[in-house]
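Shown next, in structure tokens, is the structure this report addresses.
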Amino acid sequence: MKTFTLFRANLSPDGPTFGRLEDEENAQVCVTLELPWLGNAHSVSCIPAGTYPAHRYLSPKRGYEVFMLDDVPLRSSIELHIGNTAHDTDGCVLLGTAAGLLNGQRGITGSGDAFRKFMNLCAGEQNIVVHIVDPAPPAEAA
């Protein structure tokens, strides 16, 4: 079973949460975009850091196969899918090739390409594991 690690670069209530998804060899697969941290509130917050099994799933909302995270505390239907801005996610993880501005909004570009790359890496896999790691808190000044 393949394992991926999502390293979040930021975590605040003030804007999207950006990160990078790495494979088992610590190679970057893509960048990620999630909602800001708002206490794990449904459809407005990213999910808590943790280790989540995920399964391949034909998403009726998207119309294509995605991986859905399982065992997310107090949440369900958390998918890894295509999208560019916080508007495109209801708490899911979006995959892209780079962070940037899209129509004045912070977002990610190349989402379709990044998603296809991720799904190709998962070819033949029905289940994967995704570790989500929050950024380290800033060091206190001495």
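The values are calculated or read from the model by the stated rules, or taken from the named source; none is laboratory data. Computed from a prediction, not measured in an experiment: that's the story for all the values here. Reconstructed Cβ throughout: ideal geometry from the backbone, glycine too, with neighbour counts over all protein chains shown.
For this structure, a couple of remarks:
- Count - residues of segment 13-30 that are in contact (Cβ under 8 Å) with a residue 24 or more places away in the chain and more than 14 Å from Val133 (Cα to Cα): 5
Residue-by-condition table, conditions (1) more than 12 Å from the chain's Cα centre (by Cα); (2) among the polar types (S, T, N, Q); (3) under 25 Å from Lys2 (Cα atoms):
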residue: Tyr57; (1), (2), (3): yes, no, yes
residue: Arg62; (1), (2), (3): yes, no, yes
residue: Ile82; (1), (2), (3): no, no, yes
residue: Asn103; (1), (2), (3): yes, yes, no
residue: Gly112; (1), (2), (3): yes, no, yes
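- Residues being loosely packed, with under 14 Cβ neighbours inside 10 Å and either within 14 Å of the chain's Cα centre (by Cα) or touching a residue at least 24 places away in the same chain (Cβ under 8 Å) (or both) - total across segment 39-52: 3
- Exactly one residue among Phe18, Phe4 is modelled with pLDDT of 95 or more, closer than 23 Å to Gly104 by Cβ and of a type in the set (A, V, I, L, M, F, W, C), and that residue is Phe18.
- The residues of segment 22-35 that are surrounded by 22 or more Cβ atoms within 10 Å (Cβ to Cβ) and part of a strand (DSSP E or B), listed by number, are Cys30, Val31, Thr32, Leu33, Glu34.
- Single match in His87, His81 (criterion: farther than 28 Å from Pro137 by Cβ and assigned to a strand (DSSP E or B)): His81
- Filter pass, Asp90 being farther than 15 Å from Arg56 by Cα, surrounded by fewer than 16 Cβ atoms within 10 Å (Cβ to Cβ) and acidic (Asp, Glu): yes
- Taking segment 93-111 as the range and being of a type outside the set (A, V, I, L, M, F, W, C), crowded, with 20+ Cβ neighbours inside 10 Å and touching a His at 6+ places or on another chain (Cβ under 9 Å) as the test, the residues that pass are Gly107, Ser111.
- You will find that of Val72, Val44, the residue that is assigned to a loop (DSSP other than H, G, I, E, B) and more than 21 Å from Met119 (Cβ to Cβ) is Val44 and no other.
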